[in-house]
Structures are given as structure tokens and as C-alpha cells.
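Quick notes on the structure that follows.
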Protein chains: 4
Amino acid sequence: MTISRSFASDNNAGAHAEVLAAITRSNDGHARGYGGDAYTHHVIERFRRIFGDDADVHFVFNGTGANVVALGTLLRSHQAIICTRNAHLFMDECGAVENFTGSQLITVDTPDGKLTPALVEREVWRMGDQHHTQPRVVSISQATELGTLYSLDELRALRACTTRHGLLLHVDGARFANAAAALGVSLRELSAGCGIDALSFGGTKNGMLFGEAVIFFGNLAEAQAAPFVRKQAMQLSSKMRFVAAQFDAMLTDDLWLRSARHANAMAELLAKKLAHIPQIQIAHKVQSNAVFAKVPPHAIEAIRERFFFYTWDAAQSVVRWMAAFDTTEHDIDEFVQTIREAVSAG
Amino acid sequence: MTISRSFASDNNAGAHAEVLAAITRSNDGHARGYGGDAYTHHVIERFRRIFGDDADVHFVFNGTGANVVALGTLLRSHQAIICTRNAHLFMDECGAVENFTGSQLITVDTPDGKLTPALVEREVWRMGDQHHTQPRVVSISQATELGTLYSLDELRALRACTTRHGLLLHVDGARFANAAAALGVSLRELSAGCGIDALSFGGTKNGMLFGEAVIFFGNLAEAQAAPFVRKQAMQLSSKMRFVAAQFDAMLTDDLWLRSARHANAMAELLAKKLAHIPQIQIAHKVQSNAVFAKVPPHAIEAIRERFFFYTWDAAQSVVRWMAAFDTTEHDIDEFVQTIREAVSAG
Amino acid sequence: MTISRSFASDNNAGAHAEVLAAITRSNDGHARGYGGDAYTHHVIERFRRIFGDDADVHFVFNGTGANVVALGTLLRSHQAIICTRNAHLFMDECGAVENFTGSQLITVDTPDGKLTPALVEREVWRMGDQHHTQPRVVSISQATELGTLYSLDELRALRACTTRHGLLLHVDGARFANAAAALGVSLRELSAGCGIDALSFGGTKNGMLFGEAVIFFGNLAEAQAAPFVRKQAMQLSSKMRFVAAQFDAMLTDDLWLRSARHANAMAELLAKKLAHIPQIQIAHKVQSNAVFAKVPPHAIEAIRERFFFYTWDAAQSVVRWMAAFDTTEHDIDEFVQTIREAVSAG
Amino acid sequence: MTISRSFASDNNAGAHAEVLAAITRSNDGHARGYGGDAYTHHVIERFRRIFGDDADVHFVFNGTGANVVALGTLLRSHQAIICTRNAHLFMDECGAVENFTGSQLITVDTPDGKLTPALVEREVWRMGDQHHTQPRVVSISQATELGTLYSLDELRALRACTTRHGLLLHVDGARFANAAAALGVSLRELSAGCGIDALSFGGTKNGMLFGEAVIFFGNLAEAQAAPFVRKQAMQLSSKMRFVAAQFDAMLTDDLWLRSARHANAMAELLAKKLAHIPQIQIAHKVQSNAVFAKVPPHAIEAIRERFFFYTWDAAQSVVRWMAAFDTTEHDIDEFVQTIREAVSAG
């Protein structure tokens, strides 16, 4: 019913056994719906211990939903979001943010998927001019769509920039665990510690069946609307305990960290082995669980016959390979062997 | 971690063991994301065998999402939806339909939660008048919010009415299984057989962890947009196999029917036992798994101390009690005993 | 190029000569656009002297635009508006409010087009419940769609009700001038004096070519967004001086009052004359410039052959006749004569 | 009440005397509202004789409204618009398109404000991919925001490109008259003749008080919704004859052409005279009624003390100067003299 382990996306992996076990354990008797149950409260408390007492946590179904709930809570329709051109919320969410919020996305070209204060400030103009949408949120991805990372210093500099201009800082953290693992910092250091205002904290790509968390920090007044925004955004699960249970597992014995660290290590291993194949060039720094590689066009199809994955940039012949929590060294060996054969066959 | 079985809502129940087992079975290796995997295709084929070859099936996360995807696919923002005043999509979805579609909801008061051709036609006027939103979809709930049912004849009469006026017929079937079970008809007879254009087919309330299906019938041209609407509505699950697996279980050995039939029977049993308590009046026909009862105000709080449930109409002192797939005769006995004591204690 | 004076709507009348003269006068040289010119500032100052120093005035194009700008400024998409079922913003604006704001309209049936605290309070429930849109604005029409009026006492009672429940009070004043004229009170007494939070103040129906004003009172924090909402709602005129000039004329020598008073008097005269025709019944109190009359069906078409007007309620055989600033006694005589002949011809 | 003639924008000019005269003439008796009058029909017929029998004409209030009505008619919310980064609809309409339609704007950087087939095609990818908004409309400005023009050949090439990819071509023609005048072609040649699907045809900037026309060509099925979209977009004028009258004047003795030709000639004259000032560089080709000039920073403020205008690009020290229908040679002389003094004073 499934295919062998691929390198297409970390969401092609299934669920971690500990996650499934937690769901099974929580499936006991009746529980109040929509997050009104004691178990969900308990797991939210666990989040607070990790992210800080002011973490205002809302579970949602998926990554697009997390971004929409976070941004829909923070924005009025005449306000705008500054993000990179390749941001998931601009490129891969079929306009979910625009349609739900009515807000404009102001996109910025970047070489490495990362915004900088200088790039942001180029778009912060005409403030107070009624003709122009008013930038209100800077949204970045950590890890980025290109697998690169913002350092703590870069995050703090961005936050100083947003503060200076009266903006808020949102992080699309579909792979936030991978970022924290790679940087060797705690989830709190990487979020509240850098002054982030809102975080989409991913679960699905790190071994959950589904489920993400939207977290607001700093007792933002806007966050009071979050429960209504979540419901209106169709992101309120009735049997919430099953989301809570998955996160409970993720927080237990640092499963989130073990899984992310492993995926990162596998990507690093893949990159290391690819370095020995002269026909392959690594296209972006390998800092989390993604490897972007420039591959001879003739080889791409040959590799894909055995392993499904996405071409990222056809013009540049660049592909994306993702490692997941369950990728094995054996998978890497097999994959690299396939690559090696394909590039030399050309 | 959970409370004992309640009568608050069928979604306070957990997941059916067969559903959980199917998830576990499907958690094997990697699978292409977003419904591109063979297993999801296979389960959709099963739906087609049940609902008809023209059934165009799209899995979503929850009931609100199902309604929004169905209606968002069928409507332009200047078009309107006719529904009952107590329809879930007007009363309990925090304006999700209005915000996503921009469309107007035209609500109709009903004694029993059911639209009729006469009630619909009262709102079909000023067609072609640019000042007035143009009714395009009639949306009904089956079973209704009051637990009542539309007969096949009533559905066919509604469909004749919508056809006559160039409208489409949508069914919010969060409890469609309960309706089919109670009426003793097949899912196909109750949907395609009555000319329904679009169906929100519920899974969560009938024993799934989460997951519903939006089904379009009759090769509607509008339905071609459904995949985009689903994505934009944040209802596209990346690890789709876990939704597919749950529906696979529901369709295996008619689990959907066994569960719905049992919940209905428990509601019937509850109603039967309540008939012997003179202080209690049944407020609406008990046709599916809901019992609406007029209860002396003093008793409501007393009962609620032991069993959580919702007051439906405080002014009329009417409460709603729902049976679920896992409600037992023993639960009923215990509950009725509590009720009996509460009403006589007054 | 035009038809003779009709009784279809006060917007079938043209522009008052003093209004046109003011436009011509203002058409002198260049002026900064979008309201940045000194003349527009001057006219807004005139508004402040009339409505009060805290009146925050924004000119817009039309009545629908005025309502959308007022409500769009006050509401988030999960919040709702309580209005009558026959409110212009529900019935005659093609869903403009729903589409722009994403908010839900909660409609209330009324015998006379007027909300009361009791009717409002019936819809103020489930506050804080994330499943239910949260009532935030009560929107009434003054004069109402049925030509009836709220007295100062009724307005104050409504305002006390909205304050009690944390709601805001908006008035759709497309015919606010007619209301003030009929009640014999100043514009300020009828707005700020009654605690109104936001007013759509009509100009078009009272003799302007186009143009309305949105006025916020009481230094509402929400009103700071109004300029952006107006622009996003496509209601910002570039050559704003031509709207300002028209309002300048309206405020000069109380043109607004002279025109409204005249229209009201003509409606009163019409009603008085109709009282002598036994086949005609007045359907609603004639309090402003509208006359609603129950007319024998056979007569309706006969009258319409000479004078265009709208049937309001076909089932009840009720029609609407509106007087305008330029309706003459001679028009009334001629019209009544036509009616008299039509009803007796049956 | 007004300032002397400026070079800030063509909308700082007032109304042409012939336009005002036509309004006065049309202000005679009553006329059916909302475009239902014979006069409006007559003027729309005049449009058809000019633009072609298939021209489907809808009058609106302003330019933002025209773009929203055109695009809102053509688009579903999951579809996207490709436009230049400096397009008015992205940069100067406060997100009106995004909020009304829910659609995504995909912006393209250009050196001269002009899209090309190659630039368009770079954004036409992932068609059919549910994750990505689906490009559906290419929207260009003619004249562009930089005063440059598309030749007939360039338009035909763009149209061939849109046809090839199943896209529609919209033209924001706030200054369409200036473009036709400059190119020396008829309005029909420049629109239907090039296969344009939808046109926002400007009136305000060319001497009207307010008013634009949205025109659909080629009997597009989507255009049937235009009346409802216009009403929902708050762009339906009740006293429509006053918009019709203005366009009637514009079409009489080619007032549109006389005015546009004059404004263009004044811009050309200004550019010619600026060529003699060595400290000033013309920044973009002067092809319509706009002059973009690189001016020494110290001179900008000095000039602005006498003539209000906008800095277009502060970093490049580029300003925009617009000529209008009423700009005189004397104005140019005076302005150039001021510039000359300012640059030499530095």
C-alpha cells in the first residue's frame, strides 16, 4: 500500500511509532470536544514549560492552516506580509493566506531563502499612505524552503528591525524542529528567545500523522482573536485529544529532537557522499534535512525511475532531496548508488 | 485522561478500534503526499463503487472544512446559499463559509430543522436583479441539527425544486451515516439516487479520529476547481493515507453502518426510557442518534453534574443528548437513572 | 433623455441646482487629489461644526460603499452584524458587506423595519464561544427601509443595549436627512447625541449627483483604519473636491434640511390624498418620504403604465412610492388622479 | 479653494467644461436609477460603435473599482494575476484586488513597466498543480505606470502568449486615451483589435469628475457575472446618467482624443525643454503624458515649494511630472523656469 522510502519530502514518511502509540493510549472513553478536555490542557501546559509561560498555543490540522491562523490573527486586510518569493505561503498554499485574510503578500527575491533587515527595509515605505498596503508582518521560514537556517544573531537582527518599524515577526516553522536540532539550541531560545511574535510549529513533517501548533508570544493583544480565527479557518479539530496526544509523544523524551536530529544527520550524510560524485553540485548550504543538488538533466529521470522526488528548478537542473525521521543509512547508500549509476550512464 | 462516556456529542467519543487498526496498517514505509499515493486512489475507488461512478471524492480534515470546500467549489461570491436558521454552517462555524466564499447565507426558520420546496421558493426571487445576491445553492443537513430526517420523497421534491430554479442541492452529512442507517437505504440511494449535487460525508462523528469526504455528483463543471478550493481552504492533508485508511476501515464490513445503526438504536432506547418519566418531554422526533428533551430547569444542572451535555434552547429548557457508536445500554441505564433522580429531586 | 418625475425612488431625481452650481464653482484650477486639498479639509471642518468635534468624516461614492467602509472599519471577519431582515445591507447590496468583511449578517424579522433592544438581545448569545460568530455591530436604518423612524428615545435605548453588551451602533443613514427633518432635531442630536458610533450619512438621495459621508464618533480606536478601508473598498475619489463641493452646498443655508423637509411634506400630502381612496390602504406609518400602500393588484399595472415604481411585496400587493426633493404638488395631484382612475377601473 | 496648475498628477486637474455642460444638460427631470435609463443605454451604444459590437460596457466610479470589477469578474480566488511590480493594482490600491477577489498577484520586475511574453512565461508554471495559484489573467497598464507604451505588435504578441497558455489579457487603461492618442490608433484598434479580453477605460484622469468604464470583449462567458460583481464591488452608481453624460461628452467631437493629445503634447514639450538643462536626465521614454526625471536632490525640494509633485524613487532621485488636459504652454514655461533656477541654485 506504500512505496519504499523516498527522498521527495519528509511528509512522505509515515508516523513515528511513539506517536501512534500515544494516539492509541488517548483513545479511552469520552473526552470533551474542541480542546475543552483535560488532556489537551495538559499538553498545552507542557508546551508552556518548553516555550515559556507566555506561549499561547493553538493546535491546528496542517501547515497551511497554521500559517493562515497565525497571520489571520495578526492582520487586517489592508495590512501586508513581507516574505521571500519562495516562501511556502506565497508559492505552495494556493493563495490560502490572500483569500482568508485579504492581505497582500510582498515578496522579496533572495539568493538563499533568507530575509535580512536590509531586504525587509526596502519594502517598508509609504507607511501611513492610504494607497499602499501597510506592511505589518514579516514572515520567514526556519528552516527555509532551501534548507538553510537563520542563526540566533540573524533572528535577533530581524526582530530588532521589525520592532524598529512597528512590525511583527512570524516564523513558518514547518521544520522548526530541524532548525533547533541543527543549531543546537532549545525551542525556547529559537523562538521567544529571539523575540518571535508568532510561530507555526510543525509536527507533520517530523513524524506526526497530522497536526501543527500556532504559538503566539509576548501576550499580543491580537492573539485574543486566535480561537475564532482558528475556527473560521476550519482548523479546529473536534476530537482534539488526538492532536494533543501526538504532541505529547513529540515532547516525551525529546522525540521531536531525536527525529529532527536524525533527519538532519541523514541529509548531511547524503551531501557528504554526493561530494564524491563530480557530476553533482550541492546548490545550497546543507544545514537541516534538505539537500538541493544540481544534477545533469539526463540523470534526473533515470534516478526518478527508482526514487520519486521533485525537480526544484528545471532551468537550473536543480532537484530537492529531503531526509526524514525514518531515513536509514542503507537508504542513503542505495540512493547514492542509484545516483552514481545515473550520472555516469549519461 | 478522558471522561466517562457522555451524551454531549457523538464527537466526544474516541475512535473505533477498527479505524485505529487501519491507520496502523497503513503506516508502512513512504507514500507520496497529498493524495498522490496508490492507497488513497484505491479508497476513492471504493467510494465510487458505493456512491456511483460519477462520485468525485475529496478527503478533508473536518466538517466545517467539508462544507466550505463543497460550497466554495460551487459558488461565486455574489451567489447565495439558502439554509435553515439552525444550520451548522450558519450557527456553528464562526462564519467560515462567509469569509471563505464571500457569499451570503439566507436563513429560513423551520419548526423541525427541515427545508421544504415552499420554504425554499419564498427565498428564490429577484433572480437576475443585480442588487440582490443570487441564490445558487440550497444546503440542507441530513440528519438535521435537530436529529430529524428527510425522507427520500422529501429529498426528491427538494431536488425537483432546485432543478426548477437552476439551483444546486448540497447536503451537510456530518451524520449522513446515521440518516442512511435510520432510513434503511444505501448511501447511493440517499445521495446520487435523490439527485444531490454535493455531499459533505461525515467520518469524525461516526468513529474516525478526523476526516470527512466531499463528494460531487453528476460531473458538475464547477467540481473541476475542487482540488484548488480544498488546498486554498487548508483542507489538504499531506499524509493523506491516514485519512484514506480510516475511510477504508469505515467501508469494510459496513463499519459505517454498524456504528451508525448502533448509535441510532441507543438514542431510540434512551427516548423510550424517557417516555416513562412524566417530567420529561421529547421535543423533536427521534429519528437518528439525537434526543432533544424538555427538562425541568432545576434538573438540568443536577444531571450535568454527572454527565456533560449542552442546553440547546435555554428559554424552552430544551437540552440535546447524543448517542455515539460506543454508547452502551449500561450507559443509558445509568444516565436515565440520573435523570430520574434529578427530576424527582426538584 | 429623462422621464417625467416618478415615484419609484428618490434617486430617480437628478441633482439640486445649488449642488451643481457648487461643483461648477469648485472646478477652478488644480487641487491636490484624494482629499488632500484645502477645500475638502474646509468642508470636513463644516461637518465637525455640525456633527461635533469628534466627528471623523470620510467621503465615499455611494451608499453601499458607505456601509461597507463603516462596517469594514469596525469589524474583524469572525464578528457579526445584527440587522433587520429587510436592511438594505442584507437585501439590496449583492452581498457587498459579506464579501468585503467576511463577516456574518444576523438578520431579524420585524413588523416595522425597526430593531429593539429585545430583538437585539435575542441574538446576543454564545459570546466567547469560538463556534459562533461574535455579534459586534448593531446596524439600523434611519429612516428605515419602510420609511419609519426611530425616535431619540428608541435610539438611546438601543445605544444603552449595545453598550451593555459591548457592541457598537451603526446607522445606515441613506435618508438620515429625511429622518432629522421629520423628527425636528439637529443632525448632531440624532447622531452623536444618541451615542451612535458610526453613521453612513446619505447625500445622493437628497439631491447630490453622488457622494455619501462615513462618520465615526467618540474617537473609536478602530476608526484609525478608516482611510485604508476606504481605499481598499474602492471608495476613495481622486478628484475629491467634487464630493466636497456637493456637501458644501448641502450644508449651505441648510439645503439638506430644505430638501428633506420638502420630500417628507410631499409624501405626507400623498398619503393624505390616498386616505380618500377607499381601495388603497397605507401599509406602514408615513414618517419620512416613503409611502407604502396596499393597492388592488389590477390597479398596480395600470398606474405603472404612466408612473414607474417598485412593487415591494407582491404577495401582499404592497407598493412603495417615494417623494423626492423636486416632487411638486402638481406631481402628486397628477399621480393621485392616475391612481384614482386605476383603482376604479378594475 | 484650489491650487494653481501642478504637475503632480493628471487627476489634480478639474473637469473639462464640455463634461460639466453635459452633466448640466442631463440634469432634467427624473430618470430610472442604476443604469436602467434610456440615456445610459444610448451612451453604451456609442461605446459599442467605437469599441465594437461585442463590447460589453459597465460604468464604474473610479480606477481601482474598474480594475476590481474587471478582475473580479474574470477570476476565481485560487486563480492568479500576473502583473508588473509597479502595477497600480499591486502598488497603489491598498490591496483592493486581493481583498475583493482573494486572488494572488504575481509580480514581475521590469525595467520599463512593460510585460513581455518571456516575462509572463516565466510565471506560467505548475499549471494544474493544486498547491500553486493558477495564473489566469495577465494585467498590463497602457500607458504604463512609467508613461511608456505597448505598441500594437507588443500587444498582439502578449495576446498570442496568453492565448497559448489559456490566460486572459486585461488592460488597466486609466490613461488608455493618452496611449491611443500617442500611438495614433483608434480605441478599437488598441483594444479589440489586439485581442484584449477586458479593459479598464479611464475617464477621470482625462477630464471627467469621476467615472471609468469596464469593457469586456469577445463575448466572454465570465462577463455575464459583471453586473453582480460591479454591485458587490460598490461600483454601481444610482444616478448613472451623470456618469453616462460625462462619457457622452468625452465621445462627442473626440473630446477624449483632443484632451489626451494635448496632455501628451505638453509632456513632450516639457521633456524637450528639460533636455536643455544638463543637471536633469529623463529617466524613461516620454511616450504619453508623463515625464520621469532624475533631478539633483537639492533641487527637488526647491521646485516643490512652488509646484507640488511626487518623488517616484527617492533612492534614484527620480520624480514624476504629469501633464493634464488643461496644462498650458505658459505653465510649462513657468515650471521649467522654476526647475532651471532650482538646479543652478544648488
Checklist entry - Of the conditions (1) open to solvent by less than 20 Å² (accessible area, probe 1.4 Å); (2) touching a helix residue (DSSP H, G or I) at 6+ places or on another chain (Cβ under 6 Å), residue B:295 fails just one. Which one is it? => result (2)
Checklist entry - Among helices (runs of 4 or more DSSP H) lying entirely in the range A:218-277, which contain 1 or more residues that are of a type outside the set (Phe, Trp, Tyr) and more than 14 Å from chain C (Cβ to nearest Cβ)? => result A:241-251, A:255-274
Item to check | Candidates C:41, C:30 - the one that is without any contact (Cβ under 8 Å) to a residue 24 or more places away in the chain, over 30 Å from residue C:119 (Cβ atoms), open to solvent by less than 40 Å² (accessible area, probe 1.4 Å) and not basic (Lys, Arg) | outcome: C:30
Checklist entry - Which residues, counting only those in the range C:255-287, are in contact (Cβ under 8 Å) with a residue 40 or more places away in the chain, closer than 21 Å to residue C:312 by Cβ and charged (D, E, K, R)? => result C:273, C:285
Checklist entry - Among (1) away from every other protein chain (no Cβ under 14 Å); (2) modelled with pLDDT under 95; (3) under 26 Å from residue A:150 (Cα atoms), where does residue A:309 come up short? => result (1)
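Which residues, counting only those in the range C:1-36, are of a type in the set (D, E, K, R) and within 7 Å of chain D (Cβ to nearest Cβ)?
C:5, C:28, C:32
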Checklist outcome for this item: Flagged in the range A:298-313 as in a strand (DSSP E or B) and surrounded by 15 or more Cβ atoms within 10 Å (Cβ to Cβ), in numbering order, are A:311, A:312
Next on the checklist: Checking the conditions here, which among D:302, D:265, D:249 is of a type in the set (A, V, I, L, M) and under 24 Å from residue D:215 (Cβ atoms)?
Outcome noted: D:249
Checklist entry - Which one of the conditions (1) without any contact (Cβ under 8 Å) to a residue 40 or more places away in the chain; (2) part of a loop (DSSP other than H, G, I, E, B); (3) of a type in the set (Asp, Glu) does residue B:341 fail to meet, given that it meets all the rest? => result (2)
Item to check | First in the range A:153-180 and assigned by TED's automatic domain parsing to the domain that holds residue A:116, second anywhere and modelled with pLDDT under 95, Cβ under 8 Å, 6 or more apart | outcome: A:175/A:10
Next on the checklist: Condition (residue is assigned to a helix (DSSP H, G or I), touching a Lys or Arg at 6+ places or on another chain (Cβ under 7 Å), away from chain D (no Cβ under 12 Å) and at pLDDT 95 or above) applied to the range B:183-195: is it met by at least one residue?
Outcome noted: yes
Checklist entry - Does at least one position in the range C:327-340 carry a residue that is open to solvent by less than 40 Å² (accessible area, probe 1.4 Å), within 27 Å of residue C:86 (Cα to Cα) and touching a Lys or Arg at 6+ places or on another chain (Cβ under 7 Å)? => result yes
Checklist entry - Is there a residue in the range D:112-132 that is more than 20 Å from residue A:123 (Cβ to Cβ) and touching a Pro at 6+ places or on another chain (Cβ under 6 Å)? => result yes
Checklist entry - Restricting attention to the range C:85-123, which residues are more than 17 Å from residue B:106 (Cβ to Cβ) and within 17 Å of the chain's Cα centre (by Cα)? => result C:112, C:113, C:114, C:115
Checklist entry - Within the range B:168-179, is even one residue closer than 22 Å to residue B:81 by Cα, touching a Phe, Trp or Tyr at 6+ places or on another chain (Cβ under 9 Å) and surrounded by fewer than 23 Cβ atoms within 10 Å (Cβ to Cβ)? => result no
Checklist entry - Which is assigned by TED's automatic domain parsing to the domain that holds residue D:201, hydrophobic (A, V, I, L, M, F, W, C), within 17 Å of the chain's Cα centre (by Cα) and modelled with pLDDT of 95 or more, of D:250, D:234, D:240? => result D:250
Checklist entry - Got a number for residues in the range D:192-227 being under 26 Å from residue D:17 (Cα atoms) and either outside the structural domain of residue D:240 (by TED's automatic domain parsing) or over 10 Å from the mean Cα position of the chain (by Cα) (or both)? => result 8
Item to check | Lone qualifier among A:100, A:61 - being buried (at least 19 other Cβ atoms within 10 Å of the Cβ), in contact (Cβ under 8 Å) with a residue 24 or more places away in the chain and more than 23 Å from residue D:81 (Cα to Cα) | outcome: A:61
Checklist entry - Before we move on, is residue D:189 open to solvent by 10 Å² or more (accessible area, probe 1.4 Å), in contact (Cβ under 8 Å) with a residue 40 or more places away in the chain, assigned by TED's automatic domain parsing to the domain that holds residue D:62 and among the acidic types (Asp, Glu)? => result no
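The values are calculated or read from the model by the stated rules, or taken from the named source; none is laboratory data. Owing to the predicted nature of the structure, the values given are computational and were not obtained by experimental measurement. Note: ideal-geometry Cβ built from the backbone for every residue, glycine included; neighbour counts use all protein chains shown. Accessible surface is based on the protein model in full, side chains and every heavy atom, while ligands, DNA and RNA are left aside. Shrake-Rupley method; radii C 1.70, N 1.55, O 1.52, S 1.80 Å.
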